[in-house]
Amino acid sequence: MEDARFGFDAYHLLLVAVGVSLLVSYWLPHLLVRRPPAATALLMACGMAGSLILPDIVSSIDPTENPAVWELAAEIVVIVVLFSTGLRVDRLGGWRRWWPTIRLLAITMPLTIAAVALLGWSLAGMTVGGAILLGAVLAPTDPVLAGDLQIGPPLEGKEHPVRFALTTEAGLNDGLAFPFVYLALHVASQGANPTHWLVEWLAWDVLYRIVVGTVLGICIGWLLGRILTLRAWNTVAASGPGVLVLAGVFLAYGIVELAEGYGFIAAFVAGLVFRRSEARHRFHQHLHAFASSIEHAITAILLVLLGSVMPALWPHLDWSHTVIGFGLILVIRPIAGMLGLLGSTLRLKPRAVVAIYGVRGIGSLYYLGYASTHVEFIDEGPLWALVAFTIFASTLIHGLTATATVEVLDREYAGGAGREPEPRI
């Protein structure tokens, strides 16, 4: 059979488009402003431009038609970054250090879910199940796209209260939002009457799954830490740190999911506990560097692809969705964050930064993809359109301002000596 020459296969054109998008997104900011790039919004914008030029290429990854593709891709990104986020934490401290995080998880996140769900139901006309799902999908902050706001790599410090709170919140709330996703699935499949599903939801989806994810995450992190202390491991450590990263990620997530727990919680907790083993060992820096490279590469590709499908989602987007998206970023999260942090020892300016910078991102894609593959929602098209729009708006607003904001806080916490003091909480 004679093959056509220069047929310009669609798959290869897509690879070229993704490659060009990555180069432009990371190179252009350096050229224009001589600063490290806040590339997330540019990656999505390049994806949008590419889809307008090559509209037929991206039809196969339309999330309304193939949500499983997005579920799987986002899942891999999130579990790697959650384990990596756990590795970053140099010092756990006591309860006072964790108090802002606890309040963000216990107060701010439920308030955000309730407010977004109410807007989805009343303003966008969504079903009760669809509105709850919208709240659950958009409520958690994202550990993937908020790297500039979080603590630095292992052994490099930068663990003042703002960075610590944002890091640990993002590490845990991706898993703790899952009960609310299951709540939406229960309501969508069984109706809004709580007598049909409340006991099962509280006992299984809330209590059992959270406990299993936490306990098994601790055990797997401890086991990996014991392996690190073995003399025979030195050879493995020198030859390939990525082996342990991938082993830790897949072990923690896979085992816990088999046990019907929350694998996202386990991935973060395993990284956190593993980091306690030989805490000052430079090997943790190599592990984090490998994990960070993986997460940045996969995330960049996923953002380009998300941007490329946004034109296909535009017909589902209306004014109420833009109000909800901007309302979440500019009003709901800041107010819920300030309410959640009332009574914490954070001062007003750091408290405001934590409240405002709740970046939305890849985790939302996973949750929506997961829900879409388990229950058919009437509002599926609008849900994808609203979530994609909100992620783009968040990367634009937060991405353009986060670096400068945190640099100011870093200087304030570092003080006149140029060294970062011990956290005040």
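Here are the numbers:
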quantity: Criterion: polar (S, T, N, Q), in contact with a Ser or Thr (Cβ under 9 Å, 6 or more places away or on another chain) and modelled with pLDDT of 90 or more - qualifying residue of Asn173, Asn193; calculated: Asn173
quantity: Number of the exception - Val80 against (1) at pLDDT below 90; (2) crowded, with 24+ Cβ neighbours inside 10 Å; (3) out of contact with any Asp or Glu (no Cβ under 9 Å at 6 or more places or on another chain); calculated: (3)
quantity: Residue, modelled with the lowest pLDDT, within the stretch 343-374, restricted to residues that are over 16 Å from Met109 (Cβ atoms) and hydrophobic (A, V, I, L, M, F, W, C); calculated: Leu346
quantity: Index of the failed condition, Gln150 passing every other in (1) over 19 Å from Ile335 (Cβ atoms); (2) at pLDDT 95 or above; (3) not β-branched (Val, Ile, Thr); calculated: (2)
quantity: Residue list for the stretch 43-59, restricted to those being surrounded by 13 or more Cβ atoms within 10 Å (Cβ to Cβ) and in a helix (DSSP H, G or I); calculated: Leu43, Met44, Ala45, Cys46, Gly47, Met48, Ala49, Gly50, Ser51, Ile57, Val58, Ser59
quantity: Counted residues, the stretch 186-220 - those being surrounded by 21 or more Cβ atoms within 10 Å (Cβ to Cβ) and within 21 Å of the chain's Cα centre (by Cα); calculated: 4
quantity: Odd one out for Arg163 among (1) at pLDDT 90 or above; (2) buried (at least 24 other Cβ atoms within 10 Å of the Cβ); (3) part of a helix (DSSP H, G or I); calculated: (1)
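The values are calculated or read from the model by the stated rules, or taken from the named source; none is laboratory data. In this text the structure is predicted, and so the values were computed from the model without any measurement. Every residue, glycine as well, gets a Cβ built from its backbone with ideal geometry; the counts of neighbours run over all protein chains shown.
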